[in-house]
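The values are calculated or read from the model by the stated rules, or taken from the named source; none is laboratory data. The structure presented is a predicted model; accordingly, all values stated were derived computationally and were not measured. Heads up, the Cβs are rebuilt from the backbone with ideal geometry, glycines too, and the neighbour counts pull from every protein chain shown.
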Amino acid sequence: MNIVERTIAALLTAAALGYFFYRVIYLLKLLKVGKPENRYDQIGRRIMMAIRQSIFQGAQFRVKTSDHVYAGIMHIFILWGFMVLLFGEIEILLSIFIPNFDFAFLGTVYPIYILFQDIFVFLVIVAMIMAFARRFLWHPRQINYHVGSYLILIAITILMFTILGMNIEKFTAGDEPFSSVAQNWAPFTMFIKSTIFHPNVYNHSIYMFFFWAHLVSLLAFLDYIPNSKHLHVLAAIPANFFRRFTPPLLKLAPIDFEDENLGTLGIASVRDMTWKQLFDGYSCTECGRCTELCPANNTGKLLSPREIILNTKDNLFKNADALLSGGDDSTALLVKLIGGSITQEEIWACTTCGACTNVCPVGNEHLRDIVEIRQNLVMEEGSVPALMGQALKSIEARQHPFFGTASVRSDWRKNIEVPFFDKSKEYLLWIGCSIALEERNQKIAQATVGILKKAGVSFGVLENERCTGDPARRIGDEYQFSLLAAENINEFNELGVKKIITMCPHCFNSFKNDYTDYGGNYEVAMHSILIDQLIKDRKIELKKNTENITFHDPCYLSRHNGITEEPREALSAAGNLIEMEQNRKNSFCCGGGGGLYWSEEKGERINQHRAKEALSTGADIVATSCPFCMSMMTDGIRAFDENEKILDIAEIVYENMIK
């Protein structure tokens, strides 16, 4: 380059880098608007998580559908290419300011660097072909098709071909030591040179064309990143470092209602979010996997988890001036979060199944945002769908959400002898509202009691239970949850409860993961896990029948708590297990979680969508391990087949148990 070319290149580079860092600092300032949150614990574990989920792209394969695997491989090529080729871009930029700079001083490492650069130029080009084919040929519904995505793909493609062009010209010019190294260590470059018409005479004008095309594309790409959806290029690795450790999938912070300086309950504006919740918007890749797997979205509801994250980011940017001015008045914000960027209809469509959070490749926590927005709507605005509101009133008045029921909690044990819990018993058998107060589900408790008695398990029940508070918490009434949790913990402590067996994943999740914040620390066993262990320990023996069984994974068992195999092993001891297409952590929700058990559902019913999948297996029995799933799946399947058997794991095992 002559002095004029070098000066222009230097000025362009300095300006682009200056703007890039200005924009990054601005984005970091916006994050400071959020509330503090500790995501710096267990540094070693977090580093390993970032390496596993980002560098090795483990997060891309959380759900192994053909499109997800295809996209995962494509992203591995792009990410690894980005990391390897970054050194080449640094070399190019430094050569502008330091004439003839290159990495040849690395000695024996230099040929290896040239080889890896060459390999990953090829792989990134392959990834670009894959990306364009995916968008133009089979059009996955979940991805965004806005112009920015195509600009990025075009820019990356230009960068790869201009690297090739510059390297071919450098080789032709006899640029040393690159030329001698490339002959043996740049096979892709040499292949392209030998298979296209290329004179063996160096052309400086052609080299400079490739150089300027590369530099302009690189600097434009650099400055576009922090202003676009590709901000995740910078944010994805930190996002996986700050990812929540699971299980549980969702961990809500308790609210101290006695704090005089409590402030806003839940989330009313972006000011009420933590910096990590705001950072989720930066790291969102817009891949759409969350929305693709959302049961509400799949059945025609307005909810799109991706748009919850993106609209929150959009709200943050639209209100940036007001937020950075230092004022605390939410009325100063130009655009409201709820009613402005996000609708209540979206928020109340969520079943809290966790499919979105589970599949997100950068660990975004859509579910926490939704529930905390509900907290504000319920506890400050008094805005809640009618049937959910009745369930909350029932919890307050009767300590259970089943308004209008004619059953009482003791009905399930009318015709069987059940011991009450005292300090001589090892386990408290927790019945739960849905089993005690739903006539169909009472059989689950009766079967479980029969199994425990046969196995010689020391257990007892409470004479009078109250709700764990889970429905109130998921709907958004954190206050009712905190009261119920405190009352239950006080009673458990007085009785000397150490171990709990529950037949409901929602109760299991509350006792195991939520009550710990209120001083309740218990060994909690899900009945399906305990039953599986009793079978393995030969405490009970089964006669295996020839019926085919398909298992519907409850969301709060599989996704929220990572329990997928024990129920299957127990069922396999009683019959032949066949799987639905969506199973384990990729299970499709029954539609009853998040308080939607008490709701008027619009459009296609989620439980009927899942029922069709269950029936398509041809199984003789649809098995569940959750009383809410039992009710929802029974209702869904009855819309198509009145004769299909829907049974809980306990019922299947008890029926096949050698008495």
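Scanning region 247-281 for residues that are of a type in the set (Ser, Thr, Tyr) and either surrounded by 20 or more Cβ atoms within 10 Å (Cβ to Cβ) or within 16 Å of ALA485 (Cβ to Cβ) (or both) turns up SER269, THR274. For region 573-583, the condition of being touching a helix residue (DSSP H, G or I) at 6+ places or on another chain (Cβ under 8 Å), touching a residue at least 24 places away in the same chain (Cβ under 8 Å) and among the polar types (S, T, N, Q) holds for at least one residue.
Filter region 333-353 down to residues that are among the small types (Gly, Ala, Ser) and modelled with pLDDT of 95 or more and give me whichever is nearest to LEU293 (Cα to Cα). Once the filter is applied, the top-ranked residue is ALA349. For beta carbons closer than 6 Å, sequence separation of 6+ or different chains, a first residue in region 527-556 that is farther than 16 Å from MET580 by Cβ and a second that is of a type in the set (Phe, Trp, Tyr), there are no qualifying pairs. For TRP185, work out the one condition from (1) touching a Leu at 6+ places or on another chain (Cβ under 7 Å); (2) more than 22 Å from ILE76 (Cβ to Cβ); (3) surrounded by fewer than 18 Cβ atoms within 10 Å (Cβ to Cβ) it doesn't fulfil. Failing condition for TRP185: (3).
Quickly run through region 448-459 and pick out the residues that are assigned to a loop (DSSP other than H, G, I, E, B) and not small (Gly, Ala, Ser).
Once the filter is applied, which keeps residues that are assigned to a loop (DSSP other than H, G, I, E, B) and not small (Gly, Ala, Ser), region 448-459 yields only VAL457.
So, in region 138-190, of the ones that are farther than 30 Å from ARG289 by Cβ and of a type in the set (Ser, Thr, Tyr), which residue ends up nearest to the chain's Cα centre (by Cα)? Step by step, filter region 138-190, then rank; the result is THR162. Summed over region 479-508, the residues that are polar (S, T, N, Q), crowded, with 16+ Cβ neighbours inside 10 Å and out of contact with any strand residue (DSSP E or B) (no Cβ under 9 Å at 6 or more places or on another chain) give a count of 3.
Per-residue answers, yes or no, for (1) part of a helix (DSSP H, G or I); (2) modelled with pLDDT under 95:
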{"site": "ILE143", "(1), (2)": "no, yes"}
{"site": "LEU151", "(1), (2)": "yes, yes"}
{"site": "THR157", "(1), (2)": "yes, no"}
{"site": "SER180", "(1), (2)": "yes, yes"}
{"site": "ASN184", "(1), (2)": "yes, yes"}
{"site": "PHE191", "(1), (2)": "yes, yes"}
{"site": "SER205", "(1), (2)": "yes, yes"}
{"site": "PHE210", "(1), (2)": "yes, no"}
{"site": "LEU231", "(1), (2)": "yes, yes"}
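Can you tell me how many residues in region 376-394 are among the β-branched types (Val, Ile, Thr) and either in a helix (DSSP H, G or I) or surrounded by fewer than 21 Cβ atoms within 10 Å (Cβ to Cβ) (or both)? Counting residues in region 376-394 that are among the β-branched types (Val, Ile, Thr) and either in a helix (DSSP H, G or I) or surrounded by fewer than 21 Cβ atoms within 10 Å (Cβ to Cβ) (or both) gives 1.
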